[in-house]
Amino acid sequence: MIIPKSKEEIELMRESALVVSRTLGMLAKEVKPGVTTNQLNKMAEDFIRSQGAIPGFLGLYDCPSTLLTSVNDAVVHGLPTDVPLKEGDIVAIDCGAIKNEFYGDHAYTFEVGEVDPEVQKLLRITKESLYIGIREFKAGNRVGDVGYAIQKYCEAHGYGVVRELVGHGLGRKMHEDPELPNYGRRGRGKKFIEGMTIALEPMINMGTHKVKQLSDGWTIVTRDGQPSAHFEHNIALVDGKPELLSTFDYVYEALGIKSDEEDEFRAK
Ligand code: MG
Ligand code: MG
């Protein structure tokens with residue numbers, strides 16, 4: 001059952017989302033060759049607590065960490081390690097936080113130093129597909145419209161759309177209804193309703209869409225060993241239109257990137 005939120009609840013969820021947005025912005029400055037994902041994890045935990053929030057993943061489904069850090073061919077759910085990141089890696093950092101009883105949950109894939117242009121393209125297309133999906137999250141549309149749009153865009157670039165893992169409703173629980181696959185058929189699935197709040201998160205592989213889980217019971221990697229990208233935003237349906245609760249502005253500020261990609265989805 002989809003749980004729509006009141007205007008007041010949506011504002012609380014924006015606060016939770018922004019805790020995560022600021023955490024990713026803080027991490028953007030720290031992601032460089034030599035740093036370990038365990039070090040990033042510790043920084044993130046301290047930072048989240050300093051904002052009067054608590055880590056959202058830690059302990060959830062027995063998750064042992066604040067961040068999930070997925071390097072190169074890892075798709076999602078990578079556990080932080082003591083292996084230093086190296087020049088040319090990519091690392092998808094997924095972060096959750098709870099504030100005022102509501103979850104924030106989003107992710108950004110960072111480049112470590114200088115990254116191969118083909119991999120840069122994978123990141124760009126994956127992030128673009130997120131906004132293409134968000135644009136379909138509007139009154140009158142259904143779950144399948146979002147998935148269809150993401151799948152069509154990514155497959156046109158020859159990329160694989162992961163099937164096993166999906167976006168989701170978000171609120172007092174990390175995973176609420178509905179599930180939001182990044183593939184689908186137009187006009188199918190549950191209808192979107194005013195006030196619903198979601199986490200949309202394309203997971204896109206350079207090669208095959210097929211994935212497998214490592215023996216750590218967490219990390220999902222591509223079957224062919226090629227890189228994978230993951231971007232996630234939190235969005236509310238307000239006045240029939242998608243409104244971003246999260247932002248990559250803090251990441252862009254840290255990295256000196258200018259972007260107007262979020263403008264059409266900002267709160268009025
Ligand atoms: Mg996430
Ligand atoms: Mg999520």
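The values are calculated or read from the model by the stated rules, or taken from the named source; none is laboratory data. Values in this document were obtained by computation on a predicted structure and should not be read as measured data. With ideal geometry, Cβ positions are generated from the backbone for all residues, glycine too; neighbour counts draw on all protein chains shown. The protein model used for the area step is the full one, side chains on, heavy atoms only, and it has no ligands, DNA or RNA in it. Shrake-Rupley method; radii C 1.70, N 1.55, O 1.52, S 1.80 Å.
Output the residue which, of all residues in segment 76-97 that are away from ligand 2 (no atom under 13 Å from the Cβ) and among the β-branched types (V, I, T), is surrounded by the most Cβ atoms within 10 Å (Cβ to Cβ).
The initial filter retains those residues of segment 76-97 that are away from ligand 2 (no atom under 13 Å from the Cβ), namely 78-91.
Now drop any that are not among the β-branched types (V, I, T), which leaves 81, 83, 90-91.
On the way: T81: 15, V83: 11, I90: 25, V91: 23.
By that ranking, first place goes to I90.
When the residues of segment 65-75 are filtered to those that are touching a residue at least 40 places away in the same chain (Cβ under 8 Å) and away from ligand 2 (no atom under 15 Å from the Cβ), which remaining residue is surrounded by the most Cβ atoms within 10 Å (Cβ to Cβ)?
Ranking the qualifying residues of segment 65-75, first place goes to A74.
Give all pairs with beta carbons closer than 9 Å in which a residue from segment 140-156 that is closer than 9 Å to G189 by Cβ meets a residue that is in a helix (DSSP H, G or I) and open to solvent by 50 Å² or more (accessible area, probe 1.4 Å); count only pairs at least 6 apart in sequence or on separate chains.
Sorted first by the residue in segment 140-156, then by its partner, the pairs are V146/R135.
Identify, by number, the condition in (1) under 21 Å from F248 (Cα atoms); (2) within 19 Å of the chain's Cα centre (by Cα) that D46 doesn't meet.
(2)
Identify all residues within segment 200-211 that are more than 22 Å from F265 (Cα to Cα) and surrounded by 19 or more Cβ atoms within 10 Å (Cβ to Cβ); write none if there are none.
Restricting attention to segment 200-211, the residues satisfying the condition of being more than 22 Å from F265 (Cα to Cα) are 204-211.
Within segment 200-211, I204, N205, M206, H209, V211 qualify.
Would you call R172 open to solvent by 30 Å² or more (accessible area, probe 1.4 Å), closer than 23 Å to L68 by Cα and within 16 Å of the chain's Cα centre (by Cα)?
On the way: open to solvent by 30 Å² or more (accessible area, probe 1.4 Å): yes; closer than 23 Å to L68 by Cα: yes; within 16 Å of the chain's Cα centre (by Cα): no.
Taking the combined requirement at face value, the residue does not satisfy it.
Assuming E264 fulfils every condition listed in (1) part of a helix (DSSP H, G or I); (2) over 26 Å from I193 (Cβ atoms) apart from one, which condition is it?
Failed condition: (2).
Pairs under 8 Å by beta carbon, first residue in contact (Cβ under 8 Å) with a residue 12 or more places away in the chain in segment 240-252, partner in a loop (DSSP other than H, G, I, E, B) and among the aliphatic types (A, V, I, L, M), six or more apart or different chains?
Within 8 Å, the pairs are G240/A139; K241/A139; E243/A267; L244/A267; V251/I257.
Residues to consider are T219, T197; find the one that is out of contact with any Phe, Trp or Tyr (no Cβ under 8 Å at 6 or more places or on another chain), over 20 Å from V143 (Cβ atoms) and either buried (at least 19 other Cβ atoms within 10 Å of the Cβ) or among the aromatic types (F, W, Y) (or both).
Details: T197 fails: over 20 Å from V143 (Cβ atoms).
The match here is T219.
Looking at segment 109-123, can you tell me whether even one residue there is crowded, with 16+ Cβ neighbours inside 10 Å, of a type in the set (A, V, I, L, M, F, W, C) and within 16 Å of ligand 2 (Cβ to nearest atom)? Reasoning before the result, please.
The first filter runs over segment 109-123 and keeps only residues crowded, with 16+ Cβ neighbours inside 10 Å, leaving 109-112, 115, 119, 122-123.
Subset that is of a type in the set (A, V, I, L, M, F, W, C): 110, 112, 115, 119, 122-123.
From what is left, the residues that are within 16 Å of ligand 2 (Cβ to nearest atom) are none.
No, segment 109-123 contains no residue that is crowded, with 16+ Cβ neighbours inside 10 Å, of a type in the set (A, V, I, L, M, F, W, C) and within 16 Å of ligand 2 (Cβ to nearest atom).
Within segment 179-191, track down each residue that is crowded, with 16+ Cβ neighbours inside 10 Å and away from ligand 1 (no atom under 16 Å from the Cβ).
Within segment 179-191, Y183, G184, G189, K190 qualify.
Out of (1) in a helix (DSSP H, G or I); (2) closer than 23 Å to E176 by Cα; (3) open to solvent by 10 Å² or more (accessible area, probe 1.4 Å); (4) of a type outside the set (A, V, I, L, M, F, W, C), what's the single condition that is false for G140?
Every condition holds for G140 apart from (1).
Scan (1) part of a loop (DSSP other than H, G, I, E, B); (2) under 18 Å from Y103 (Cα atoms); (3) open to solvent by 10 Å² or more (accessible area, probe 1.4 Å); (4) touching a strand residue (DSSP E or B) at 6+ places or on another chain (Cβ under 9 Å) for the single condition P33 breaks and write down its number.
Among (1) part of a loop (DSSP other than H, G, I, E, B); (2) under 18 Å from Y103 (Cα atoms); (3) open to solvent by 10 Å² or more (accessible area, probe 1.4 Å); (4) touching a strand residue (DSSP E or B) at 6+ places or on another chain (Cβ under 9 Å), P33 violates only (2).
In contact (Cβ under 8 Å) with a residue 60 or more places away in the chain, within 15 Å of ligand 2 (Cβ to nearest atom) and either in contact with a Ser or Thr (Cβ under 8 Å, 6 or more places away or on another chain) or within 16 Å of D94 (Cα to Cα) (or both), is that true of P202? If you could, list the steps in order and put the result at the bottom.
Working: in contact (Cβ under 8 Å) with a residue 60 or more places away in the chain: yes; within 15 Å of ligand 2 (Cβ to nearest atom): yes; either in contact with a Ser or Thr (Cβ under 8 Å, 6 or more places away or on another chain) or within 16 Å of D94 (Cα to Cα) (or both): yes.
For P202, the condition - in contact (Cβ under 8 Å) with a residue 60 or more places away in the chain, within 15 Å of ligand 2 (Cβ to nearest atom) and either in contact with a Ser or Thr (Cβ under 8 Å, 6 or more places away or on another chain) or within 16 Å of D94 (Cα to Cα) (or both) - is met.
Restricting to segment 200-244, name every residue that is part of a loop (DSSP other than H, G, I, E, B), within 15 Å of ligand 1 (Cβ to nearest atom) and closer than 23 Å to G59 by Cβ.
Filtering segment 200-244 down to residues part of a loop (DSSP other than H, G, I, E, B) leaves 201-202, 206-210, 214-219, 223-227, 231, 239-240.
Cutting the leftovers down to within 15 Å of ligand 1 (Cβ to nearest atom) gives us 201-202, 218-219, 231.
Scanning segment 200-244 gives E201, W218, T219.
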